[in-house]
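Working notes, beginning with the structure itself.
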Amino acid sequence: MFKIIFLTICFLFTNLHALEKLKVGVLAFGTVNWELDVLKHNKLDIKNGFELEVVKLASKNATSIALQSGSVDIIVTDWVWVNTQRANGGDYTLYPYSKATGTLYLSKNNNAKTLLDLEGKNIGVAGGPVDKTWLILRAYSKLKYGKDFKDIINPTFSAPPILLKKVLDGSLDGALNFWHFNAKAKAKGARALIEMEEVFKSFGIVEDIPLIGWTFRRDLALMDPRLYDSFINASKSAKKILLKDDKEWDRIKPLMKVKDEATFNSLKEGYKNGVILKFDEKNIEDSKKIFKVLQEQGGKKLVKNSKELDPKTFWEINK
């Protein structure tokens, strides 16, 4: 009898102190894995009072389905998706993960100085006709030159790895690609025609605009805000390590699957440039300006039923 009582007490004590768990769904080979590996390796989840499980998934669609079905608690996606879900009755919210964005990179033999210099050129576009960066660049072109960029060039929509290859072999004059593919292109001699900071400033935007973030059910998070805030704090701690510790980069280098030092350094620089540690009302106000641009350019194909940027699209962490 004494043994049974003792084991029962031990069981209750163990479970009383068991850490709450969070499941994060990520693309199997996505760059988010770098940060999550640092988080787990340094036990930043345990130090923040929770246990993180990383669930590897095959595609962006798979991550959103996993979140909606409850198979995972958190994913990384963009706030346009979150805002659209909210407009349709889904109670999702987001905290910024990165401000890294794609931009237009040119093949190394292309000497263009402005968008107008690309008239008639073959330019690749990743993400499809309603890709956010593509729509923003088109709006910028209209504002600055009075011409839609899609009418200046010959756009080719294709997958990011294919566009990278075609820019490097010169079969495309340039490509609007995701940041990590641009980092690889830069390491091989391609150059950016325009930085997105310049584009944003043309719309009166001075604050950082992170388009993607950690996304989760707001109603569930409100039931245990400490848990989700702890995850965000752990993420920030991992970012700080990667900003300062080159040895940690050397440790995760195998995850990055790089073949040369130039690509490794370019990816490392690109990640660091995308780090965002502060996000407040000023950032949200500037995000509203970009939403208007996207709404005007992409229409219902992009924003669906959403009329404005819902304030609850962004999660407010307790300081």
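The values are calculated or read from the model by the stated rules, or taken from the named source; none is laboratory data. Bear in mind that the values here come from a model prediction, so they are computed numbers and not experimental data. All Cβ positions, glycine included, derive from the backbone under ideal geometry; neighbour counts span all protein chains shown. Surface areas here come from the heavy atoms of the whole protein model, side chains and all, with no ligands, DNA or RNA. Shrake-Rupley method; radii C 1.70, N 1.55, O 1.52, S 1.80 Å.
By the Kirkwood approach, averaging reciprocal distances over each pair of separate Cα atoms, the stretch 159-201 gets a hydrodynamic radius of 10.7 Å. Counting heavy atoms of the protein chains alone, Asp117 has an accessible area of about 80 Å² for a 1.4 Å probe. Can you list the residues, at least 5 places off or on another chain, whose amide H is less than 5 Å from the amide H of Lys23, using H built in the peptide plane? Here Glu53, Asp73, Ile74 satisfy the definition. Taking all protein chains together and a 1.4 Å probe, the residues Arg251, Arg226, Arg218 rank Arg226, Arg251, Arg218 from largest to smallest accessible area. Relative contact order for the stretch 113-153: 51 percent, from Cα pairs under 8 Å spaced at least 6 residues apart, divided by residue count.
According to the square roots a ≥ b ≥ c of the eigenvalues of the Cα gyration tensor, what is the shape class of the stretch 178-221, taking rounded for a/c under 1.5, prolate for a/b larger than b/c otherwise, and oblate for the remainder?
Because a/c hits 1.5 or more and a/b fails to exceed b/c, the stretch 178-221 counts as oblate.
Shape analysis of the chain yields a ratio of the Cα radius of gyration to the Kirkwood radius, Rg/Rh, of 1.02.
Which GluC sites (Glu not before Pro) does the stretch 217-316 hold that lie in a coil by DSSP with at most 14 other beta carbons within 10 Å?
Glu308
Using C-alpha pairs below 8 Å separated by at least 6 residues, the relative contact order for the chain is 27 percent.
What translational diffusion coefficient, to the nearest whole µm²/s, does the stretch 37-98 have by Stokes-Einstein, given a Kirkwood radius computed over alpha-carbon pairs, a temperature of 37 °C and 0.692 mPa s viscosity? Estimated via Stokes-Einstein, D reaches 248 µm²/s.
Here Lys268 is the anchor, and the aspartates and glutamates within straight C-alpha reach of less than 13 Å, apart from those fewer than 8 places off in the same chain, are Glu35, Asp245, Asp246, Glu248, Asp250, Asp260. Its alpha carbons considered, the stretch 86-138 gives a radius of gyration followed by a Dmax of 16.1, 49 Å. Between Asp219 and Lys142, the simple label model (points 7 Å from Cα in the Cβ direction) yields a spacing of 3.7 nm. In order along the stretch 170-178, phi translates into HN-Hα couplings of x, 6, 10, 6, x, 8, 9, 10, 5 Hz, rounded to whole numbers, per the Karplus curve 6.51 cos²θ - 1.76 cosθ + 1.60 with θ = phi - 60° and x for Gly and Pro.
For Asp37, the accessible area of its heavy atoms, probed at 1.4 Å with every protein chain present, is near 50 square angstrom. In the chain, taking the dipole from charged Cβ atoms about the Cα centre, the farthest positive-side position among Pro311, Asn109, Pro155 is held by Asn109. Relative contact order, whole percent, for the stretch 136-203 stands at 28, derived from Cα pairs under 8 Å and 6 or more residues apart. About its Cα centre, the dipole of the chain is roughly 420 debye, where the only charges are +1 on Lys and Arg Cβ and -1 on Asp and Glu Cβ. Taking the charge dipole of the chain about its Cα centre, with +1 at Lys and Arg Cβ atoms and -1 at Asp and Glu Cβ atoms, the residue from Trp81, Leu176, Val32 reaching farthest to the positive side is Leu176. Orientation-averaged projection of the stretch 62-109 equals 5.0 nm² [convex hull of Cα atoms, one quarter of hull surface area]. Averaged over its residues, the chain has an accessible area of 50 Å² per residue, based on protein heavy atoms and a 1.4 Å probe.
Within the assembled protein chains, the solvent-accessible surface assigned to Ile65 is about 100 Å², based on a 1.4 Å probe. Placing dummy labels 7 Å off each Cα toward the beta-carbon, the span from Lys247 to Gln68 is 4.6 nm.
Fraction of C-alpha pairs exceeding 18 angstrom in the stretch 159-233: 60 percent, rounded to a whole number. Along the charge dipole of the stretch 77-187, pointing to its positive end and built from +1/-1 on Cβ of Lys, Arg, Asp and Glu, which listed residue (Leu164, Leu137, Ala185) has its Cα farthest out? Among Leu164, Leu137, Ala185, the one farthest towards the positive end of the dipole of the stretch 77-187 is Ala185. Across the alpha-carbon atoms of the stretch 162-298, the computed radius of gyration and Dmax are 17.9, 53 angstrom. For the stretch 24-121, a crude dipole built from +1 on the beta carbon of Lys and Arg and -1 on the beta carbon of Asp and Glu, taken about the Cα centre, is about 300 debye to the nearest 20. Taking the 1.4 Å solvent-accessible surface of the stretch 166-319 as the whole, the part contributed by carbon and sulfur is 52%.
Taking the three principal axes of the alpha carbon atoms in the stretch 104-231, the coordinate ranges are 55, 32, 23 Å, sorted in descending order.
Measuring against 25 Å, Cα to Cα, the residue pairs Lys147/Lys312; Lys201/Lys272; Lys56/Lys289 contain Lys147/Lys312; Lys56/Lys289 as the ones spanning a longer distance. Applying D = kT/(6 pi eta Rh) to the stretch 217-292, where Rh is the Kirkwood radius over alpha-carbon pairs, T corresponds to 37 °C and eta to 0.692 mPa s, the Stokes-Einstein value obtained is 216 µm²/s. In the chain, helices alone account for a calculated mean residue ellipticity at 222 nm of -15500 deg cm²/dmol, with every DSSP H run of four or more residues adding -39,500 (n - 2.57). Using only side-chain charges placed at the Cβ, +1 for Lys and Arg and -1 for Asp and Glu, the dipole size of the stretch 125-212 relative to its Cα centre rounds to 240 debye.
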